[in-house]
Every structure is written in structure tokens, then in C-alpha cells.
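What follows is a single structure, written as C-alpha cells, with notes after it.
The values are calculated or read from the model by the stated rules, or taken from the named source; none is laboratory data. This one's a predicted model, so the numbers in the text were calculated from it and none came from an experiment. FYI the Cβ positions are ideal-geometry reconstructions off the backbone, even for glycines, and counts take in every protein chain you see. The area values use the complete protein model at the heavy-atom level, side chains included, leaving out ligands, DNA and RNA. Shrake-Rupley method; radii C 1.70, N 1.55, O 1.52, S 1.80 Å.
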Amino acid sequence: MDLNYTPEQQAFRAEVRAWMEAHVPKTPLKTLEGREGYDQHVEWERTLASGNWGMVTWPEAYGGRNLDLIRWLIFEEEYYRAKAPLRANQNGIFLLGPTIMEYGTDEQKARFLTPMAKGEIMWAQAWSEPNAGSDMAAIRSRAVRDGDHYVISGQKTWSSRAAFADWCFGLFRTDQDSKRHKGLSFILLPLDSPGVTVRPIRQLHGETGFAEIFFDEVRVPVENRIAGEGEGWNVAMATAGFERGLMLRSPARFQATAKRLVELYRQHEAHASPAAREAVTQAWTDAEAYALNTYMVASTIQAGGHIGAEASLNKIFWSELDRSMHRTAMSLLGAAAELRTFADGAMNEWLEGYIFSLSGPIYAGSNEIQRNIIAERLLGLPR
Amino acid sequence: MDFRFTEDQITLRDSVREYLEGTHTPELLRKLDEHGNRDDGVWNGLVEMGLAGLLVPEDQGGLGMGLIEATLIAVELGRANVSEPIVDTAFVAAPWLAAKGQTDRLGDIAGGALKVALAHDVNPWVADLDQAGAVISHGKLADVAASPVALDSVDPLRRLSARGDLGGGDPLLLDLAALMAAAQLVGAADRMLALAVDYAKQREQFGQPIGSFQAVKHHAASVAVKVEFAKPVLWRAAYALQNGHARGSVHISHAKLAATDAAIFAAETAIQIHGAMGYTYEVDLHFWMKRAWALAGAWGDRAFHLKRIDDAVIGGGIDLGPDRTFASEMIHA
């Protein structure tokens, strides 16, 4: 056990810090979940790409820096320290990118990964359907083979980023006689294809980050399928593993929130309850615990280990921590918590954050599903 | 940066775990409970394993290991619910005496001939004083005067004496003992979860094991989350104390807090999963539950450690933020 950074790791931190200080926008961008803010965030993705900071863990051949996980953590720490914007490219970086690297052909890698790394194409998820949420194997959207094309019909929903993104990736039923997780295929398609209708869904905060996608006989070339026909479920499970695994939510994000929460407490100390004070201290301890655990898992993976169902522990921990920290902030703000914009014109980021934190225990596999996974796969309770 | 144990550390832990699983069984706990709660054979077995001298330097008859190894083993002692004063003697008194340069009795500790009790103002009592050959009190190793067991702990395997004039406020003694209490609490929490899971696999209602019901699964999963996230905090605290970091006390308080919360939550959930059986003396669970209640208050209760963290976090004693996780390591370097 050695919890010191090497001189090389410290030098890397200094390099990231210098770049972030020079490039992070001085004024916060508008929300990622509205048209104007989305465009600003895509512009930021291209700025990141220009410095080669877009996909730091990817191989250099695809526009990355081939960083190990410890350096990825350092990068994230500096990213959040610099208050850099949220990642519009999240779906590409952490979900589709690793999936294509693992399952894609060389042709697909060349075709999709480089534009993704450059921030040229933004990706939306197309997993859930109205009757296939937690029960994803109930997918009904069809992809019927017609020569060298699939003809896709059906409906997807809760598609993150779909309101503004360029392409989507998801699961479609290619074997019409199949049931459950058999007969599904993993297919990519442009959202401006003829027959695609995107209907933005207005979210809890009033903006439109996700959307419904309707497919009416959309023709998609067979070469847009990742891995074999009917192998989509395994590919999707790997993708879901990336999502709730180590990288979806880096500890730095929550440590930054915990620090802001301590600062908020100091401003409101005069009227804060003892319970709020304890919750603030607890926020720091839990964010710290999440960081320590991530360093431990990263060290293990780097030494050849792997993360399996343990990822579900992470997902529960960070999502419940995030909600708890924002709930505490709302309590500290008291009557001002309901304001969308404070009297000085500043946006009430705690309110926005609280609303967003309520989605954490739901997306990327609800925490109920995660608890089932922990009980069955880690503790060995019967299915 | 490498947050992992060495293979030697894992091997050592596994061998202790295996030994305790084979010898320190629930049947033994019942026997101890019925017959005055101590058995020389248990102590002698731990000494033969080398545990008494684990932290004693090699030139004084010990194994010369460090607090990381001791913490790993203290978790195992908590998992097995060992009641002998091995943790207090070997993992707290020995490193404390070595740090203070009071080395003349370390050989006796390593050989298993001397059991040491610990007196500190943070505790209103002293554990195992009745069988100790010496006690750490007011900054030195002192002889033990007559010390009848005077206080009745809820834990049937724990023996407490009144503190009297013994005590003192030594900060290193507190940190070492709080770290080791946290380790035993983590081990106890792990074991209580395992007991509950075993029971849920066996007990059938509505024609199936109760562990197949989501209501039961989710209880167990929530405990697993709490326990697993206490562990890295514990390891880090051991590392910080081992390396003499300035922020070590905050990390130890964090470990004690996280371990206490995990163990109490594990206890309450495990009894719920056991149903009415959990409320009986017949089921093994109660030994660990009662140990957890006892250790939760020992060496600084929840409020004590929360305040130490609070003073640092809200009071500004430590740096906050995403780039400061290993700040004390950076200062140390």
C-alpha cells in the first residue's frame, strides 16, 4: 500500500490544472438540457478535444491519451476542481466508446470512435421502451432484415441526450420469434434518418434533456450493427456494466459538491440546525469514502483485477450520497431554497442539483435492480 | 499510488481467518458464556499463531509487522468475536510502548506472558483489567492493583472493571485503540451480514427461502453497501497512523464512525431478517450484536468522533475538495 502520488503523477496533475485554468469557461454555461446550453456544451467538447483531453482513457489510436485509471482519477479531480462543464459526450465516452472498442470491427472503430473523440457526433441512448424499463428484456422495437438493411419500427423512451444528439445506439429485436433477452441486436443509427421522430420529454425541472424516439420503418445498413445478430443482450450488459461501474460518476464530482456544501453551511451557520451540521460532516465523510473506495478499485483493476457486481455497490452509494448532499443544501437554504434564481441573479444551482439528484437512484439501472444484483450475485441469495 | 494489500498481507489474513473459523466457533462462544467466559486455550492458540508479537520488533522476539497487518487481523478477530485481550495487548499496548520507548516488557508481550489492559479518560471503565498483568495509565505501564470485575456489560463475553484513579488522556493510545475498535466492528458487521444471509437461504416461508423475496434481499444489500464503504476508510486510517500523518486522527475518527454505523445497521438488519429467532438467546447472532453495541461506545462514541471530524471539516482544519483526498500524504512527503 502506497498512498503517495509519484512525481510523474504530480507532474500530470500540474499539466491538467494548467490547461483547465487556461480553458474552462469563466462564466458557467447554460443548462445542458436546453438548446442554447447544449450547443455551448458541444462547443466545450470540441475545446477539450483540441487539447486532446476529451477521451483521456482511450487508446491514442482513437484520439485518447491511454491514461491508466489513477491518472484518470487525477484528471477528474482537476476537472471538477476547475468547475469545468458537464460532459455532453458522456454517452460516447463511457458507454458506446468502450462498447465499440470491445465488440466493434476495425472498420466500425475507425468510423465511429474518432469523430466521437473529436466531439463531432453526440450520442443518445435508446434502451428503454414504454414497457421495457427495469425489465429491459421486454424490448419490442423491431429490426427486420431486408437485404443489407434493417427496417426498424417501434418506440424508445427516456433516451438521454436524444432531444439534441446526432445519433443513437440501442437494442432492437432482430429475431421476431424470439423472447426475452434472446434475438436482440445492438444497432447504431442517425437521429435524422427518414422515419425517425424525436419528441422531447419535458423533465421535472422544465427542460428537455431526454426524449421519446419513434421509429417508422427506418432503414439502417447492416454494418451499423455492433457484434453478431442476436448478440445484443450481452453487448448491452457490458455497456450497462461500464455505466454503473467505475467511470460513470467519478468521486471528484461528489467531493466538489461536499466542499461547496461546507462553504454553504458556513454562510448559513447562524440559523442551521444541529442535524444539518451533522449531515454536512457526513457528506464529507461519505464523499471521502467513495473516493477511497474508487482508488482501491482502480488499483485492483490496474493490477489485473476486475469489477463485476461490485459496481452495483458504487451506483447505490454515489446516487444516495448525491441526493443526501443536495437535500442538506436545500435545508440550509431555508426559504430561499425554492428560488430558481437568487436576488443577486445567480442561478440556484442547489435546486437544480437537487432535482437532478432525484434521477440518480433511477437511471443506469434503478437502485432496486442494483440491490437485487448485490443480493443475488455478491451475497448468493436465491433468484 | 497503489491502494492494495500485498500478497503477504492477504496470506497472513487468510491464515488467521482459517484458524479462527476452525477453532473459534459459535459453539466455543456458547461454552465460554456458560463457564465464566475465559479459556486459556484460546489465548495460547493466538500466541502460538504469533499474534501477541505481531507488532513487537524482531529483535525483541516479535514479528515486526505494522498497523496495516494488525488492522487486517483485528477485523478477523471481530469476525470471530474473540474476547481475549489480544487486540488491547498486542495491537494497542505493544505499538504504544514501542512508540514511547518503553520497551522492557515487549518481549513478555511477544511471548504471551503479559496481558495489558488500557485505561483512558474517554472510557469510564477498563476492559479485562481482572486478568491483566499490567495496565497502561497516565502515560506509562503500571502494575495492576486488585481489580474485581465490577461492571456488567450487555456483552456476555466482555469483562469490565471500574477505572478508579487509572486513566489519562494520551492521544496516541486513543487513536490506536479507536482504530482497532473500528476494525473489530467491521469484522462483526461482515459476520452479522453473513449470518443473516445464511439464515435467509435456509428459512422457508410461503414455500420458498425468505432470501428469495426482494424485501429481504434489499435489506441485506443495503448492509453490504454500508459495510463495503467502511472498509477503505479503515484501511486508509491504518495507513495514516502507520505513517504518522498529521491528519491521522481525523481519518481514525472517520473509520470509527463508519464502522460503528455499519455495525449497528448490520445488527438491526440482521435481527430483522432472522425474525423472532433473532430475538432469542439460541441464535448465534446476539454475540456479535452485543459486541457491536459495546464497541460502538468504546474508545470514543459516535458523538466524540463526529465532533473530531466536524472540527476539521467545518472548522477548517483540513483542506477540502476533489484534489485533496491524499493531502496528508502530500504534506508528509
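Given the pairs B:LYS115/B:LYS290; A:LYS259/B:LYS100; B:LYS31/B:LYS140; B:LYS140/B:LYS256; A:LYS259/A:LYS315, which are separated by over 28 angstrom at their Cα positions? Result: A:LYS259/B:LYS100; B:LYS31/B:LYS140 exceed 28 Å. Computing FRET efficiency as 1/(1 + (r/R0)^6) for A:ALA337 and A:LEU86, where r is the C-beta to C-beta distance and R0 is 30 Å, gives about 0.85. Select from the stretch A:346-383 all residues whose loss of accessible area on going from the chain by itself to the full protein assembly reaches 10 Å² or more (probe 1.4 Å). Residues meeting the cut-off: A:GLU368, A:ARG371, A:ASN372, A:ILE374, A:ALA375, A:GLU376, A:LEU379, A:GLY380, A:LEU381, A:PRO382, A:ARG383.
Judged by the gyration tensor of its Cα atoms, with axes a ≥ b ≥ c, the stretch B:127-258 is oblate; a/c meets the 1.5 cut and b/c is at least as large as a/b. Applying a DSSP loop filter and a limit of 15 other Cβ atoms within 10 Å to the chymotrypsin sites (Phe, Trp or Tyr not before Pro) in the stretch B:230-287 leaves B:TYR281.
Find the relative contact order for the stretch A:123-231 and round it to a whole percent, using C-alpha pairs within less than 8 Å whose residues are 6+ positions apart. So the answer I get is 31 percent. With the helix formula -39500 (n - 2.57) applied to DSSP H stretches of n ≥ 4, chain A reaches a computed 222 nm mean residue ellipticity of -13500 deg cm²/dmol. Compared with its chain on its own, the stretch B:228-277 contains the following residues whose accessible area drops by 40 Å² or more in the full protein assembly (probe 1.4 Å; ligands, DNA and RNA excluded): B:PHE229, B:PRO232, B:TYR239, B:HIS254. In percent, rounded to a whole number, the relative contact order of chain A is 13, using alpha-carbon pairs under 8 Å and six or more apart. Take the Cβ atoms of B:THR11 and A:ALA137, set R0 to 56 Å, and the FRET efficiency comes out at 0.85.
Here the 3J(HN,Hα) profile of the stretch A:216-221, calculated from phi with Karplus coefficients 6.51, -1.76 and 1.60 at θ = phi - 60°, is 10, 6, 7, 8, 10, x Hz, Gly and Pro shown as x. Note on A:ILE121: accessible area is roughly 40 Å² with a 1.4 Å probe, heavy atoms of protein only. A DSSP coil position with no more than 13 other Cβ atoms inside 10 Å describes the following GluC sites (Glu not before Pro) in the stretch B:200-293: B:GLU282. Element breakdown for the stretch A:123-231 at a 1.4 angstrom probe: carbon and sulfur atoms account for 46% of the accessible area.
Within the same chain, lysines fewer than 8 places from A:LYS109 are excluded, and of the rest, those with a Cα less than 18 Å from its Cα are A:LYS118. Calculated mean residue ellipticity, 222 nm, chain B: -18000 deg cm²/dmol, from DSSP H runs (n ≥ 4) at -39500 (n - 2.57) each, averaged per residue and rounded to 500.
Summary value for the stretch B:1-64: 15 percent relative contact order, contacts being C-alpha pairs under 8 angstrom separated by 6+ residues. Is the stretch B:7-162 rounded, prolate or oblate when judged by the Cα gyration tensor, a ≥ b ≥ c being the square roots of its eigenvalues, rounded requiring a/c under 1.5 and prolate requiring a/b larger than b/c? Taking the square roots of the gyration eigenvalues as a ≥ b ≥ c, the stretch B:7-162 is oblate.
Each Lys or Arg adds one and each Asp or Glu takes one away; over the other residues whose Cβ falls under 15 Å from the Cβ of B:ILE264, this sums to +1. What does the C-alpha gyration tensor say about the overall shape of the stretch A:275-383? Classify as rounded when a/c is under 1.5, otherwise prolate if a/b is larger than b/c, or oblate. Prolate is the answer for the stretch A:275-383, as a/c is 1.5 or above and a/b outweighs b/c.
A Cβ-based charge dipole, computed about the Cα centre of the protein assembly as shown with Lys and Arg at +1 and Asp and Glu at -1, lands at about 1460 debye. Among the protein heavy atoms of the stretch B:171-332, carbon and sulfur supply 55% of the accessible surface, probe 1.4 Å, non-protein parts ignored.
Taken over the C-alpha atoms, the protein assembly as shown has Rg and Dmax values of 28.1, 94 angstrom. Counting 0.36 nm for each residue step from A:GLN176 to A:GLU102 and taking away their Cα separation leaves a gain of 24.0 nm. The charge dipole of chain A, taken about its Cα centre with unit charges on the Cβ atoms of Lys, Arg (+1), Asp and Glu (-1) only, comes to about 480 debye.
Using the empirical formula 2.2 N^0.38 Å as the baseline, the Cα radius of gyration of the stretch A:205-349 reaches a ratio of 1.43.
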